[in-house]
Each structure stands twice: as structure tokens, then as C-alpha cells.
Amino acid sequence: MTELFRNLPAVDTLAQAAQALLADPTLPHALVVEAARATLAEARQHIAQGGSAPSPSALAQATAARAWQAAQPSLQPVINATGVIIHTNLGRAPLSTAAMAAMQAIGTGYANLEYELESGTRGSRYQHLTTLLCRLTGAESALVVNNNAAAIYLALNALATNREVLISRGQAVEIGGGFRIPDVLRQSGATLVEVGTTNRTYMRDYAAAIGERTALLLRVHTSNFRLAGFVHETALADMASVAHQHGLLLLDDLGSGTLLPTAPYGLAAEPTVPESISAGADLVTFSGDKLLGGPQAGLIVGRAALVSQLRSHPLARALRVDKTTLAGLEATLLAYLYGRALEEIPVWRMISAPPEELYARATRLVAQLGAAAEVVPCESAIGGGALPGQTQPSFAVALSGPATALAQRLRLGKPPVVGRIAHNHLLLDMRTVLAEQEATLVASIVAAQQSLGTTRPEHYTSTTTLNNREEHYDE
């Protein structure tokens, strides 16, 4: 074993051999040296466990591959074939062509971000979206920060520090990433006062809890879960009535937030931002990168005096967004203003896509893949904390072969493809695959299946008619 260790090349020798194999001569030498050290450490461990010493050429190839991989971007585009439209792990809402063009145009040069072109004096970065958001929501004023959690935190910090905030016990929730509403309240300096019970909260519960230290009433969207059965939730208009009768404020955290109704697409009614404003909410917060379909942001709309108070708060500068985010949001909001959201914004194109269209697209892909795939009915989800438990009928391409191995090969492809496994089969849901990605998706599938040598299993059957959308498997 000592002799095997002694025969391993020196770090510099291995780095030089690896550098000669690299197609990119500009790769930093320090990166290659680092890769050489890691490769040699791996080889020593292999020998210590009783293995043989790798050949010099194998070591050089492994080092070159490791160095090249280390120099590649970690963040890369992914084809989302999971059927989850607002997939947090995959970056939430894909942006519209107009939003991307606006962000590129503003990001590659200078812009009138905080500059009044007419007067030649300093302006506010928030002026670019305020009028547009007010037109779309019915609010008096608006403010944009870097995400919805920041929006809630800023509002509570500015309006309820050292005071009490009333919230229904059933809304003191934890959502994705361990984000907990009670923790946000504590960090903001506000004191949480839970009212009602987990499943039933009435107007009288809020009224009874109001005291000298009460600052506001807070409604929080329950995000990733919903209560069913023996439940009662106080209507927002009733909460506004209680708050305003006592000279208090009402803050409505919509979480995802939407400007369009969801019911026309076979989904439950998600509360819209204009509805919250009409119901009497003094401030409404919601996300930019969920049902709105824009870049990540937290949007605050409501009464002008309150928004002005938030805008002048010291935290507002720490939480502000950059020029490219504002440009992407403006382009996204303009699509709503012109009534083109269903055609231009990918999230709404997916939500509004009829099953017949998805079936036709899946059939077109299967025709190119032959016996290696077939069309199966499935269900898609909205995701992103919106409409928990709600699904839409969809169609997927079901791939033949070992599902787990196929899923891994597709994830490691260029670009990565992420699907979902159901009943031991890999499904690629067409609702979340963009039309412009279809050719790339077919090529990725063919490459993955060829590498595994897969064939169609005879035990798999599915119903593909539009009248019966349930999945069927012979197990």
C-alpha cells in the first residue's frame, strides 16, 4: 500500500497533465490545482480501502473533469415537467417575454431609476409602479420591496412595534422554508394576540380582544394548507368593520395574491387584491413571483398615508428592489392593464390552458418518441402556496423504463428536465412545459432513454380519452 501511495503523482504534475486535457485553456490554474488535490485525496482513500491505484491518465481525466465542472454556473435553466405551476424549488413564476426584454433593456445600461427627466432633479424609484398598481387594484398608493415576507415585516415594524396585533388562531401558520407568521410578528416588535379557535373565528372574537395596546387586525392567507368541515372564517369586510369602529388598521396578507379570478379555470376562488381593497383592507401585501407572474418582489398597496409611512421607514431602504426587478414588474403589470395576461404571462397561460390543448401537445411529443412513451391523463397543481389541494386536469407523457433511473438521467441532462414519478412511472406533465421547450424536451428524452437502453413495459396501461382523466396502472 505504501508503494501505491508513493507512485501517485505530485499535485503540480497532475495539474499540468489535466490542464493539457482541458478544451478551455483559460480555465484558472488555481482551479485545476484545487481539483488535482481533491482527485489525489480521493485516490488515497480508494487505496486505503484496499483498492488499486488509478492510472496517471485516469487521474488526469478525473482532475480535468472536476476542474471543468467547478467552473460551470451552478444556476441553470430547467424544464419543469412536474405539473406544479408555481414551483418554489424551480424558481416560481417563469417570466414573460416582455418582462425579460424590459429587464435586459434596463439592466444593460443606465435608466431614469431615481431621476425626473422633465425637471432634471432627483426622483423616486417607486414612482414607476405606483400609478400602475393603483389602477389595477383600486388602492391609493403602492410600494415594492424584495419579497412578501419583507412586506409584512416592514408593515408590522412601522405600524405595530411594541403594540398588539390580532390574528385568528387558525392563521398563525408556518409556510415553506420554515417561515412562521408568529416569528415575523415577534421580530417586528409586535405582540401576537391569537383570537378565536383553530377552526372557527368570529367578529366578536376580534372585538373582545381589542385593548389599549392593539394596533391592527391581521388576516393571513393560510398558504399550503386549508381547513375543511366545521369551520368559520370572519369575512374581510367584517374584520374591516371591527377594526375601523375601534380606530384600528386592517392588514391583509394575501401571500401569493392575484389580480385575476381563478374560478373560471375550474379552481376555487382565490381572493384577489382588488377584492381586498374593496372590502376595506387598509394595506394589502402579496408576492410578485407567484400568481402575479413577475419577478420576485413584495407588493404593498393601500391607503396613501400608510404607504408613505412605510416608504419613509429606515427599513424600506434595506428592503428595496433594484432597477431590473422594477422593469420586469412594470412589463408584467402592463400585460394586465392591456388585458393580455392570459396570452403573455406564462403562469396564466398554464392555468388557462384547456385539457384538449395539453392532450394535443402530449400526443405530438409521443408521436416523435414512438413506443418509448404514451399519453396519460393526470392532475396539475398551482403551487406556491396558492389554492392548496386544488388541481386541474392535464395530460402527461409517460416514459417507459425504470422511472427512478430515467428521472435522474433527465435531471442531469442539458438542460435538466424535472418530472414526477407516479405508480412507478415517470410522468412529464405538459401543463408546465413551455411550448418553445418541446423540441429540447424530446431530444432530452431520447438521449436519456438511449443511455439506459429502455423498452416499453407491457404491464403499463393508461386511459387517454378526454372524458376519463383518471390514471390507470396494471401493477
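The values are calculated or read from the model by the stated rules, or taken from the named source; none is laboratory data. In this text, all values refer to a predicted model and were calculated from it rather than measured experimentally. Cβ sites come from the backbone with ideal geometry, for glycine too, and all protein chains shown count toward neighbours.
List of remarks:
- Flag if I85 is in contact (Cβ under 8 Å) with a residue 12 or more places away in the chain, within 30 Å of L426 (Cα to Cα) and aliphatic (A, V, I, L, M): yes
- A single entry from G123, G109 fulfils the requirement of being in contact with a Phe, Trp or Tyr (Cβ under 6 Å, 6 or more places away or on another chain) and either surrounded by fewer than 17 Cβ atoms within 10 Å (Cβ to Cβ) or aromatic (F, W, Y) (or both): G123.
- Candidates L154, L133 - the one that is outside any strand (DSSP E or B), of a type in the set (A, V, I, L, M) and in contact with a His (Cβ under 7 Å, 6 or more places away or on another chain): L154
- Residue in the range 130-140 that is in contact (Cβ under 8 Å) with a residue 60 or more places away in the chain and hydroxyl-bearing (S, T, Y) present: yes
- Residues in the range 65-100 that are part of a helix (DSSP H, G or I) and over 20 Å from the mean Cα position of the chain (by Cα) were compared, and the one that is farthest from G419 (Cα to Cα) is A67.
- Residue satisfying all of: in the range 52-86; loosely packed, with under 12 Cβ neighbours inside 10 Å and small (G, A, S); modelled with the lowest pLDDT among these: S52
- Scan the range 156-189 for residues that are more than 18 Å from A209 (Cβ to Cβ), at pLDDT 90 or above and loosely packed, with under 14 Cβ neighbours inside 10 Å and the total you get is 1.
- Selection from the range 322-347 of residues that are among the basic types (K, R) and in a helix (DSSP H, G or I): K323
- Counting the residues of the range 289-324 that are within 24 Å of G389 (Cα to Cα) and touching a helix residue (DSSP H, G or I) at 6+ places or on another chain (Cβ under 6 Å) gives 2.
- Filtered residues of the range 283-320 (kept if buried (at least 24 other Cβ atoms within 10 Å of the Cβ) and charged (D, E, K, R)): D289, K290
- Any pair with Cβ under 9 angstrom, 6 or more apart, that starts in the range 418-436 at a residue that is more than 21 Å from P355 (Cβ to Cβ) and surrounded by 15 or more Cβ atoms within 10 Å (Cβ to Cβ) and ends at one that is among the β-branched types (V, I, T) and modelled with pLDDT under 95: none
- Matching residues in the range 379-400 - criterion: being of a type outside the set (F, W, Y), touching a Leu at 6+ places or on another chain (Cβ under 6 Å) and either under 19 Å from E356 (Cα atoms) or assigned to a loop (DSSP other than H, G, I, E, B) (or both): S394, A396, V397, A398
- Candidate set from the range 394-413 (those that are under 21 Å from T88 (Cα atoms) and not small (G, A, S)); member that is surrounded by the fewest Cβ atoms within 10 Å (Cβ to Cβ): L412
- The selection criterion, being among the basic types (K, R) and either over 30 Å from Q104 (Cα atoms) or touching a helix residue (DSSP H, G or I) at 6+ places or on another chain (Cβ under 7 Å) (or both), does not hold for R411.
- Residue check for L218: in a strand (DSSP E or B) and either closer than 18 Å to L283 by Cα or at pLDDT below 75 (or both): yes
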